[in-house]
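What follows is a set of notes on a single structure, which appears directly below.
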Amino acid sequence: MIVGVAKAGTTALFRHLAQSPIVYAHKAQEMSHFSSDVEYQRGWKDAVEKYFSGHQNEILLAKNVMQAYSRLAMERLKAQCPTVKCIIILRDPAERAYSAFHHARLRGVEDVENFEDALAREAERARTDPEFWESALYIKNSTYEEVLNNTLEIFGSQNVLVLFQDDYRRDARKQLGKVERFIGQRLFDTIDVNVDDHNRAARARYPWLSKYLYRFFKSKGLVRRTLKAILPHRLAVSLRLKVESFNRLEAAYPPLNIETAVRIRNQLKNDRDAIVRLVGYCPW
């Protein structure tokens, strides 16, 4: 399972691994079984039917970019899948935070246009409604020491692989080779994996539609509960992806302000030192 972190190359890794003929990956963007109380209470059989219906003897591949931020979710994963192999990808915290800001704008989460203004609101958001603003807590989600400590403690270093986005962008095939050695399986012997499939920068075609969709999917209202009850999961996922794809326009982000980037890196210097201590390496 790819357990984190958001906007660090998890989608690219997931898509690349999913090309293997011996891997079965879910169609939903994220597997929320372990992080959702409601889903978890339905049991593992329900999760397999929802995310992996039709699988046979393939390796199951899952992804949830916020999984590792929740110790409870990680403990649930360990209890249900004690032999699971966990992969974490880390990214320069300033670049990750800035990319997450634009992604939050695309999804309708972020309601301010300026990155620095959004950073200034983080403490208030974390205090008032951390669940709603989960993906818009940019500094918190760019802080990795607790994520690494919890994952290594729960699963053991032999079951945790830490990659870095810088290395993955430089040589994806080499990093996929690390994954093969980590899980003890040759995944791509019979295919030439396409490593060009990366998420590209984008903005919302209709920002109002993004805001409506985000609030709808975060709601617990009657309409959403009714639709969840009557629509098969795969159909619901397909419809949501089609709407999100229609509302997505590829567009490069403006450059990150250098002073802001330096400030974030300085703020998280101790976190970087912790990464080096825990992993033995950090490229930024």
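The values are calculated or read from the model by the stated rules, or taken from the named source; none is laboratory data. In this text, all values refer to a predicted model and were calculated from it rather than measured experimentally. Ideal geometry is used to build each Cβ from the backbone, glycine not excepted, and the neighbour counts take in all protein chains shown.
Which of the residues that make up region 8-55 are in contact with a Ser or Thr (Cβ under 7 Å, 6 or more places away or on another chain) and over 25 Å from Glu131 (Cβ atoms)?
Pro21
Spot the failing condition for Val109; the list is (1) aliphatic (A, V, I, L, M); (2) in contact with a Leu (Cβ under 9 Å, 6 or more places away or on another chain); (3) closer than 30 Å to Ala47 by Cα, and only one is missed.
Against the list (1) aliphatic (A, V, I, L, M); (2) in contact with a Leu (Cβ under 9 Å, 6 or more places away or on another chain); (3) closer than 30 Å to Ala47 by Cα, Val109 comes up short only on (2).
Could you check region 128-159 and list, in sequence order, the residues that are in a helix (DSSP H, G or I), more than 21 Å from Tyr281 (Cβ to Cβ) and among the β-branched types (Val, Ile, Thr)?
Passing the criteria: Thr128, Ile154.
Which condition from (1) closer than 19 Å to Ala25 by Cβ; (2) in contact with a Ser or Thr (Cβ under 7 Å, 6 or more places away or on another chain) is the one that Glu244 breaks?
All conditions pass for Glu244, except number (2).
Run down Arg96, Arg71, Arg91 and say which single residue is surrounded by fewer than 18 Cβ atoms within 10 Å (Cβ to Cβ) and at pLDDT 95 or above.
Selected residue: Arg71, the only one of Arg96, Arg71, Arg91 that is surrounded by fewer than 18 Cβ atoms within 10 Å (Cβ to Cβ) and at pLDDT 95 or above.
Scan region 145-181 for residues that are among the charged types (D, E, K, R) and either under 20 Å from the mean Cα position of the chain (by Cα) or closer than 13 Å to Gly9 by Cβ (or both) and jot them down.
Glu145, Glu146, Asp166, Asp167, Arg169, Arg170, Asp171, Lys178
So, in region 185-200, how many residues would count as being under 21 Å from the mean Cα position of the chain (by Cα), at pLDDT 70 or above and either charged (D, E, K, R) or surrounded by fewer than 14 Cβ atoms within 10 Å (Cβ to Cβ) (or both)? Before the answer, list the steps.
Step one: filter region 185-200 for residues under 21 Å from the mean Cα position of the chain (by Cα), giving 194-200.
Okay, now just the ones that are also at pLDDT 70 or above, so 194-196.
Next, from what is left, pick out any that are either charged (D, E, K, R) or surrounded by fewer than 14 Cβ atoms within 10 Å (Cβ to Cβ) (or both): 194, 196.
Count: 2.
Under the condition of being under 21 Å from Glu39 (Cα atoms), out of contact with any Gly (no Cβ under 7 Å at 6 or more places or on another chain) and aromatic (Phe, Trp, Tyr), which residue from region 201-233 is modelled with the highest pLDDT?
Per the stated criteria, the residue is Phe216.
Within region 32-68, which residues are on the phi > 0 side of the Ramachandran plot and at pLDDT 95 or above?
Selection gives Gly43 alone.
Restrict the check to region 117-127 and report whether at least one residue is in a helix (DSSP H, G or I), basic (Lys, Arg) and under 17 Å from the mean Cα position of the chain (by Cα).
No, every residue in region 117-127 fails to be in a helix (DSSP H, G or I), basic (Lys, Arg) and under 17 Å from the mean Cα position of the chain (by Cα).
Give the number of residues within region 225-284 that are β-branched (Val, Ile, Thr) and surrounded by 15 or more Cβ atoms within 10 Å (Cβ to Cβ).
Here is the first cut: in region 225-284, the ones β-branched (Val, Ile, Thr) are 226, 230, 237, 243, 258, 260, 262, 264, 275-276, 279.
From what's left, surrounded by 15 or more Cβ atoms within 10 Å (Cβ to Cβ): 237, 260, 264, 275, 279.
Going through region 225-284 one residue at a time, the tally reaches 5.
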